[in-house]
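Written out below as structure tokens is the structure these notes cover.
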Amino acid sequence: TEIACLLIEHSIDLSPFSANALACLPSLGENGRWHISSEEILKRRDLRSSCRIFSVDPAGCQDIDDAMHAKVLPNNDVEIGVHIADVTHFLKQKSALDKEAAKRATTFYLVDRRFDMLPSLLSSDLCSLHGQTDRLAVSVIWTLSADLKTVKSTWYGRTVIHNTNAMTYEQAHNILHDLDPDGPNPKPLPPLTAGGPVDVKSIGGLKRDLSILTKFTRMLRKRRDTIGGAVDLSSGDRGSEMKFVLGHDGKPTKVTPKKELEIHNTIAELMILANSFVAETIYKSFKDSALLRIHGIANADNFEELEILFKARGLEFDGNSNRTLAKSLEDAKSKGDGSLKDSLFQSLATRAMLEAQYICTGAHESGAFSHYGLGIELYTHFTSPIRRYADVIVHRLLIASLFEEDMKEETTALKDVRKISIPDSNAVSVLHQKGEDQEIDSDDDEDNDG
């Protein structure tokens, strides 16, 4: 078929998982369900009763990588946590399944289907942080001052969590704006997907938590803009992100621009923060073996077409640094009329950018590890291990840096970092390409979590 030819053309592996790889999957109980053992719980920090943890994803999402929580502590400090699926608990290093996952490198998403990096038992079930379900996670927890301006401490480690609500972006948005989270005509969704009914009793608490996260991430974004010079290439509801609506036969019936909600940016900023903190931690422990995500400085000559367009609109353009480029784009946006012409600036700026890359710090000659687009000195991918093998490597590095008793076993992963071929631009974004049943979002690689 045309789809099969397209996948072969782009070297996407269509072969089923081997018997040896499937033999690595955990055994299920007599009732066909898997349970966390009491022995495993004792090895971890148990957050099931102490934190109201929730997730926010596209409707119908099956592979839920990330969840979060926020709460005010008795001394008025604020605790915020990001909890990521503990894929490495199930994906044992150098096992047959690990080798096949490394070869696939990422989950590939098409309009009507996806090709998973991991077998569905893991990607859509045991690893996925489903609502009202206990799951294993690797967590980053910050203790912040009451005004959210100072990080007092950071904790990393393996945890057991309970996702109280697997919400959609629309549900979270509605809760923040005192609207019915499920809307007037909620669509029925399959089990084990994001977007189930929100318990009315939990709405008040969820609004408080989401409000804390919204306030905090607004500050984070402002800091990245003013200090780091982050370049905003989003275009709101007139941008290049598209939503495909599928008919009953699975074929696209309509393509519409995706409307950007503030909650999208809230979740994105949390993931960016977690990725940057983990990057600093693994680089500090493994100066020559850390896996980082870098984005080089764009060549000024690449902006020639964009500069011509700016001048034609009577606008000043400066692309000498990420900070000046960000200011030029923001000025153009503020002086625009909201037409499709305004989104052309972001589109041309995106084309002028260099592609982001994964690098092993010891093999990168320049020693420059910053991320130009995000305005961050050290960055990596930690938050999507269900669908990116790079994140699996980073999880192993993080665990190796935290637990001395695991150091001997886990650091063997470091020897393999330089050997693994991970696509520079096929690692999908943390926000939008998580798999949906009826509405599928198109996505650019670098727009959300770099």
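The values are calculated or read from the model by the stated rules, or taken from the named source; none is laboratory data. No experiment lies behind these values; they were computed from the predicted model shown. Methodologically, a virtual Cβ is constructed for each residue, glycine included, from the backbone with ideal geometry; neighbour enumeration extends over all protein chains shown. Calculation scope for accessible area: heavy atoms of the full protein, side chains included, ligands and nucleic acids excluded. Shrake-Rupley method; radii C 1.70, N 1.55, O 1.52, S 1.80 Å.
Summary table below
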item: Test: L261 is under 30 Å from N174 (Cβ atoms), at pLDDT 90 or above, surrounded by fewer than 21 Cβ atoms within 10 Å (Cβ to Cβ) and touching a helix residue (DSSP H, G or I) at 6+ places or on another chain (Cβ under 7 Å); result: yes
item: Neighbours by Cβ (under 8 Å, 6+ apart or cross-chain): first from the range 59-82, within 30 Å of A390 (Cβ to Cβ); second charged (D, E, K, R) and assigned to a strand (DSSP E or B); result: A59/E439; G60/E439; I64/D57; H69/E79; A70/E79; E79/K71; V82/D66
item: Enumerated strands (runs of 3 or more DSSP E) restricted to the range 26-91, each holding at least 3 residues that are among the β-branched types (V, I, T), under 22 Å from N275 (Cα atoms) and open to solvent by less than 60 Å² (accessible area, probe 1.4 Å); result: 78-85
item: One residue from K207, K152 being at pLDDT 95 or above and part of a strand (DSSP E or B); result: K152
item: Filter result for I8 (over 16 Å from T164 (Cα atoms), in contact with a Leu (Cβ under 8 Å, 6 or more places away or on another chain) and open to solvent by 40 Å² or more (accessible area, probe 1.4 Å)); result: yes
item: Which numbered condition Q346 misses (of (1) of a type in the set (S, T, N, Q); (2) open to solvent by less than 30 Å² (accessible area, probe 1.4 Å); (3) at pLDDT 90 or above); result: (3)
item: Boolean, I282 is in a strand (DSSP E or B) and either in contact (Cβ under 8 Å) with a residue 24 or more places away in the chain or among the polar types (S, T, N, Q) (or both); result: no
item: Failed item in (1) open to solvent by 30 Å² or more (accessible area, probe 1.4 Å); (2) at pLDDT below 85, with M219 passing the rest; result: (2)
